[in-house]
Every structure is written in C-alpha cells, then in structure tokens.
Amino acid sequence: PFSTFVLYSLYSAFTVLRNSMRQMDFKFKDVQKFPYRKDAVKEIRDFIYASRVSRSIRRTKIGLIGYCSMGIYTTCFDQLKIRSVFGTEIDSFADSYLLYDQMMKIKQDRADKVLKELEKKCNIDDEVVKNKSLDKSLKMYLALKDMVEERDWKGVTVKCQHEYSTFLKCTACLPLSILTADGAMCT
C-alpha cells in the first residue's frame, strides 16, 4: 500500500541523513517517536538544554591563580586536554604573587565599603577586624573581582596553600565565597 511506501521512504531518507551526520561527526539526538508524546518532547528539550550548556562551556575562560605545590599533584589536571575535550580555556597568566600585588593596590576605602555590606549580612568578630585578617580577605576579594572582570573569566580558582595561609595569614576561602555570591564560578 501507498502508506507503507511513504513510511519506508521517510525512514530511508532519515537513515541516510543520520548516517551522513554521524560521518561528519555531528552530535545529535536521534528521537524516533511521535512528536505529540511527552517523552519525545522531554528527550528533545533535554538535548537542547545540554547542547546549550555545551556551547557556553566551549566559550568559557576560567582563571587559574597559582599552581599545584608539592604534595598535591594528584589534584592537577591537563589544561590542553580540558581545552580539547570541553573547549574551556584555563587562563593561567596569574601566579600567587600577581594576586598579592593586586591586593596591595586595592584602596582601603573600597575594602571598607565591602566590609560595611558584609556587616549587614553577618556578625563579624571584632578580633578579625583588629588583626587585619578580614581586611586582607576583602582586598583579596576585590583584587580577584578586578581580575575576573579584566580577563573576562567566568570563574576562578586560587591555589592558596601554603603561600597565603603561611606567609600572608589569609586564605582565599572568604574572597572566593563572596565572589561566588557575585555570580562567578569559584573553587
């Protein structure tokens, strides 16, 4: 019958198209269901969302400040592999000293303004204000924020052990937390 011929022709055309797309290494979702079915719509919608995320990751640049120190090499990663697999660029132009230098250039009034905003949101122990550790954290936050904006990073990570904790008596935990609240992806 004619309807069988039409269905077979459509299936053959679809098979040729699918095979051609595979040979050209296109990523696609093969959904062979009626379009009015909810599970077909969900499959297509999920694929669209995943494709959108994949596309945005390929255009993402993440800042890496510092690099692994002795004893934590197991946390290292291959920057070129990440670039080739995900398309994400790891911008490692900054080392620990550059962040420190950027911190020292932050004007005190900017740090004081962030402190006032922080005091509205949480209780702050007077000791961390007196010993200046909070001030260092706020200046690190502002330095990181400036770097994120200047370098167009979507996220940033800081290797702070043991340089910052030992010599500066300040870690990147609070600055990265505040930066995360600003919308940057941080670790």
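The values are calculated or read from the model by the stated rules, or taken from the named source; none is laboratory data. Everything quoted here is computed from the prediction, not taken from an experiment. A quick note on method: Cβ atoms are made from the backbone with ideal geometry, for glycine too, and the neighbour counts reach across all protein chains shown. Ligands, DNA and RNA are stripped out before the accessible areas are found, and what is left, the full protein with its side chains, is counted by its heavy atoms. Shrake-Rupley method; radii C 1.70, N 1.55, O 1.52, S 1.80 Å.
In the complete set of protein chains, residue-level accessible area for R151 is approximately 80 Å², probe 1.4 angstrom. For the stretch 58-67, the Karplus equation 6.51 cos²θ - 1.76 cosθ + 1.60, evaluated at θ = phi - 60°, returns couplings of 5, 10, 9, 10, 10, x, 10, 10, x, 9 Hz by residue, with Gly and Pro reported as x.
Tell me, what % of the accessible area of the stretch 122-183 is carbon and sulfur with a 1.4 angstrom probe? Answer for the stretch 122-183 is 51 percent, counting heavy atoms of protein chains only. Each peptide in 157-165, 88-96 receives the mean, over its residues, of other Cβ atoms within 10 Å, and ordering these scores from highest gives 157-165, 88-96.
Computed with a 1.4 Å probe over protein heavy atoms only, the accessible surface of the chain comes to 71 Å² per residue. Given a 1.4 Å probe and the protein chains as shown, I62 ends up with an accessible area of around 40 Å².
Taking amide H atoms as placed 1.01 Å from N in the peptide plane, the amide H of C170 lies under 5 Å from those of S165, each 5 or more residues away in sequence or on another chain. Out of (i) 127; (ii) 157; (iii) 180, which label holds the value of volume of the Cα convex hull per residue in Å³ that was computed here? Recomputing volume of the Cα convex hull per residue in Å³ here picks out (iii). Springs between Cα atoms under 10 Å define the GNM used for the chain, and in it the highest mean-square fluctuation of R110, R45, R18 occurs at R18. How large is ³J(HN,Hα), in whole Hz, for each residue of the stretch 127-143 in order, when computed from phi with the Karplus curve 6.51 cos²θ - 1.76 cosθ + 1.60 and θ = phi - 60°, using x for Gly and Pro? Residue by residue, the stretch 127-143 yields 4, 6, 7, 5, 7, 6, 5, 5, 4, 4, 4, 5, 5, 5, 4, 5, 5 Hz.
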